Ligand code: ADP
């Protein structure tokens, strides 16, 4: 008998659980196992019968775009008792299941580990009592488990993100954006309560993404005078030009005496201290709902695929299948749970610094960045001898450019510099189109698509450098922050090479990476790439819906130039059967194999086929040509449509991640500039999440001709796409 894996979702539901279940089922089948869905969490195992059912390839078709969990989730009191767990063990064993992948919160992971510990006793007792046979007992002597964290709170220590958090941030950010627009019309204050009993992640990140004024979180209860402090911060930002005030409160926030601080308490403070008619919005279950974001489709797919391999190996202590730097990362399961529970104890004991530290360096850094960004100081004039820093864009438009520029400007002002917007990229710099920007001038930028400073792809030529350096000199700029894409790297390389001839170019210059193509060196995600991916994924969702009534194949073209990130990540997130990348090229042999597989599939009952082609995958086999080849070979058995997504991918309002990523990189870049100015430095660098790198490092990192990094982490998604999308035999009527 083949190995049988059970999969269940347990505890609170989270968007993206379906992608994880789909990945477990299909990777399981791919690697030769059978996968059983345990319905309604651990209750399904306790109840047995048809609550434990085998899942086939097509049972998990068409689920990537759906929130919730197709196999149901529950909280199960019986499973907390020994008898309940023993009953669950029996039902698993009679179904031949001795490997479990659980998707849930720390409670579900703990319960699963208890069952694993007790399993050998249960096997012995059940065999002695005649509930299972001696053969069953000897075939299933131990339980092998792996855990994925499904929790919108991002409250698990040991993983960068948990399944559902990014989608919840989408819901919260949409709500804050909507509230901001109505609030601004009436000069009103709003208090927004978000989920997070012990964890302020959603609150801090949504406050950053929504450019809120104040945030209250469990890990850092505010000082006793928080009411006055909050009123002061809000008044200052109004004086600096803001028309609204938005306070974000995590539901578990307490003061230093352990008394809850509710959204209503905050509203009362606004009324008392500021005489404001504030409104409260409690987002509640909206945060768990809706369609999963692109990240909550590809990330759980990656983890589900990894979890199957983990339980099939089954040769080490139980692991948490976590995500670290966009790759699967394994941690001993119960160590991660213990570390997570420790944070709640630290908060209870009043050790707030440790509680914050336990959440990780990035959380601490982002909380600090939020305070720097939100505290306007309208009365503080820059010192007469302060430095003057210019901000400009270079390269194609990337959503999140505005959020990044606005945070550079506010952080710069906070650090005591005078900040200047350079309009129209390097040509604008040459023409001297430079304006001083104050804290209030960038109000509302965070949520907006486009680039208010204007962006140009133009790279200065050697001849331009004289005019460029003259302009830097006359405008008195002491440093430059260039937010942009590949051409920014090329421009800075030229500037660096020629710096000896032009002393004015010997100032600190840093690039903050922004590009929807995600083709930039030294980092995993450039600002803009996540938004473009979400637009592509949402567009493909609509395309799929349009085809429900017909037998149809689609060839969808995404942007990305020579970099396949957008194409491949979209393919994984929507469950495309095939992607065409420039990195691989396209040959007639590939196309023939694809067409044979597709035609065979439609003959066997398939109703849908989706290929995604990068815009520059091949100069010969264009989207149009591939569409026609599919059509010709289909001989009328199905229809084929070619769709070019085009510039919509650059046009959207930035996703929460792109805003947050922009703020993170901006904060590092600004800290570096301040440090360079203080120490008289004149380096030329580009920002990465791990710090600044010298522009000369590019030669080791970049394929200049193909305009992409030499190392492309996301190519690791390729086998996952194949394993999860290509049904064995190809003939299944599968969607997704
Ligand atoms: P989450 O998994 O989201 O943290 P809960 O803490 O409510 O949610 O746990 C979900 C389910 O996991 C519980 O209803 C129960 O069935 C099981 N569970 C949780 N903690 C334990 C435990 N200590 N022992 C056994 N089962 C547990």
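Numerical summary
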| item | result |
| --- | --- |
| Shape of segment 583-736, Cα gyration tensor, a/c cut at 1.5 | prolate |
| Convex hull per residue volume in Å³, alpha carbons only, for the chain | 159 Å³ |
| Relative contact order [Cα under 8 Å, 6+ residues apart], the chain, whole percent | 13 percent |
| Normalised convex hull volume, segment 642-725, alpha-carbon set, Å³ per residue | 179 Å³ |
| Reciprocal mean inverse distance between Cα atoms of segment 33-97 - Kirkwood radius, Å | 12.5 Å |
| Sorted by Cβ density within 10 Å, fewest first, the residues 565, 363 | 363, 565 |
| Antiparallel DSSP beta bridges within the chain, as percent of all bridges there, nearest 5 | 20 percent |
| Separation of alpha-carbon centers, segment 675-719 and segment 467-513, rounded to whole Å | 16 Å |
| Where labels lie 7 Å past Cα in the beta-carbon direction, separation of residue 228 and residue 129 in nm | 6.5 nm |
| Efficiency of FRET from Cβ geometry, residue 364 and residue 257, R₀ 30 Å, rounded to 0.05 | 0.80 |
| DSSP bridge orientation in segment 378-532 - percent antiparallel, rounded to nearest 5 | 15 percent |
| Degrees, to the nearest 10: 226-239 long Cα axis against longest axis of the chain | 50 degrees |
| Fewest-first ranking of 217, 389, using other Cβ atoms within 10 Å as the exposure measure | 389, 217 |
| Normalised alpha carbon radius of gyration of segment 300-350 [divisor 2.2 N^0.38 Å] | 1.38 |
| Cα gyration tensor shape of segment 62-144, rounded if a/c is under 1.5, else prolate or oblate by comparing a/b with b/c | prolate |
| Pairwise centroid distance, computed over Cα atoms, of segment 142-160 with segment 222-291, Å | 31 Å |
| In range of the label at residue 380: residues from segment 218-236 whose backbone nitrogen is under 20 Å from the point 7 Å along Cα→Cβ | 223, 226, 228-236 |
| Where the Cα pairs of segment 263-304 fall when distances are cut into 5 Å bins, in % | 5, 18, 14, 11, 10, 9, 10, 10, 8, 4, 1 |
| log10 of Debye I(q)/I(0), alpha-carbon scatterers only, for segment 288-416 at 0.09, 0.18 Å⁻¹ | -0.51, -1.15 |
| Spin-label pair residue 273/residue 644, simplified geometry with 7 Å Cα→Cβ offset, distance in nm | 5.5 nm |
| Calculated SAXS-style log₁₀ I(q)/I(0) at q = 0.12, 0.13, 0.14 Å⁻¹ - segment 1-145, Debye, Cα scatterers | -0.44, -0.51, -0.60 |
| Extent along principal axes [Cα atoms of segment 579-630; Å; largest to smallest] | 33, 19, 18 |
| Cα gyration tensor shape for segment 467-584, rounded if a/c is under 1.5, else prolate or oblate | prolate |
| Dmax and Rg, reported as Rg then Dmax, of segment 169-304 (C-alpha, Å) | 15.5, 52 |
| Cα-based helix-to-principal-axis angle, 623-634 vs the chain, degrees rounded to 10 | 20 degrees |
| Cα-projected label distance for residue 371 with residue 696, points at 7 Å along beta-carbon direction, nm | 3.9 nm |
| Rounded to 5, percent antiparallel among DSSP beta bridges of segment 578-727 | 65 percent |
| For segment 108-164, alpha-carbon Rg over 2.2 N^0.38 Å | 1.57 |
| Calculated [θ] (222 nm, deg cm²/dmol) that DSSP helices of n ≥ 4 give over the chain, each run adding -39,500 (n - 2.57) | -13500 deg cm²/dmol |
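Every read-out reported here was derived from the displayed coordinates using simple, explicitly stated rules and does not represent laboratory data. Since we're looking at a predicted model, the values are computed, not measured. Methodologically, a virtual Cβ is constructed for each residue, glycine included, from the backbone with ideal geometry; neighbour enumeration extends over all protein chains shown.
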